[in-house]
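Report on one structure; see the data block that follows.
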Amino acid sequence: MLLDVILLSFLFGYLRGGRINKIPTFHKLSFLLVSILLQLASVFLSELGGVLVSIAYVSILAFFYANREHEDVRIFMIGWFLNALVIWANLGRMPVDLEQAEKLPFSVEPIVNGTDFKHTLLTDDTLLPFLADIMYMPFPIPRVISIGDLFIMLGAFLLVQRIMNKPISLIRLREGKNYAAKH
């Protein structure tokens, strides 16, 4: 989902004069690895998809919490938590607005017939529908996103800027170059 956002973030960082000098160190990388493996397993074990994705979300939240000293990770954590809330409230699947999903250039049949391991249709019975995938985003890759996804994309953008030694702080916008020099 984020590959295009990450690539555009690197391009933006490069155009701002950023370069990768040193990759930031993260704590508890094992939680990130477990989350990735569980999400991959959910593709192959679709009958357990909801449970595996839910456990993966707990694992990634633990990783984010362990690295919360960074603003970009905190923004990521907010997005992931919002997505986790709606997924957990709806039995391990992200509800998707069918009207928005039908704008996508691929079939929504797996969501409609219930065979999609990660998504379900947004209905009147959906819990926390305002946190579901309800916004169509046509660029750069067409998709339907949630409020949580917006936070995740912003967190990814800010993380890439920090990796490229050109951090942008939403909290410290007034400090400008002084913030970059300290971090």
### Message
When you check H70 against the structure, is it buried (at least 16 other Cβ atoms within 10 Å of the Cβ), in contact with a strand residue (DSSP E or B) (Cβ under 8 Å, 6 or more places away or on another chain) and farther than 20 Å from L7 by Cα, yes or no?
### Response
no
### Query
surrounded by fewer than 16 Cβ atoms within 10 Å (Cβ to Cβ) and among the aliphatic types (A, V, I, L, M): does that describe L52?
no
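Residue-wise test of (1) modelled with pLDDT of 95 or more; (2) assigned by TED's automatic domain parsing to the domain that holds V53; (3) in contact with a strand residue (DSSP E or B) (Cβ under 8 Å, 6 or more places away or on another chain); (4) farther than 30 Å from L15 by Cα.
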| residue | (1), (2), (3), (4) |
| --- | --- |
| G92 | no, no, no, yes |
| V96 | yes, no, yes, yes |
| I111 | no, no, yes, yes |
| T115 | no, no, no, yes |
| T126 | yes, no, yes, yes |
| P129 | yes, no, yes, yes |
| I134 | yes, no, yes, yes |
| D149 | yes, no, yes, no |
| L158 | no, no, no, no |
### Message
Quick test of your reading of the structure: L82 fulfils all but one of (1) modelled with pLDDT of 95 or more; (2) surrounded by fewer than 19 Cβ atoms within 10 Å (Cβ to Cβ); (3) of a type in the set (A, V, I, L, M); (4) part of a helix (DSSP H, G or I). Name the failing condition by number.
### Response
(2)
### Task
Could you list all residues from segment 136-154 that are more than 15 Å from the chain's Cα centre (by Cα) and of a type in the set (F, W, Y)?
Y136, F139
### Task
Output the residues belonging to segment 1-36 that are free of Cβ contacts under 8 Å to residues at least 60 places away in the same chain, under 22 Å from R68 (Cα atoms) and part of a helix (DSSP H, G or I).
L29, S30, F31, L32, L33, V34, S35, I36
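The values are calculated or read from the model by the stated rules, or taken from the named source; none is laboratory data. Bear in mind that the values here come from a model prediction, so they are computed numbers and not experimental data. Note that we place each Cβ from the backbone using ideal geometry, even for glycine, and neighbour counts take in every protein chain shown.
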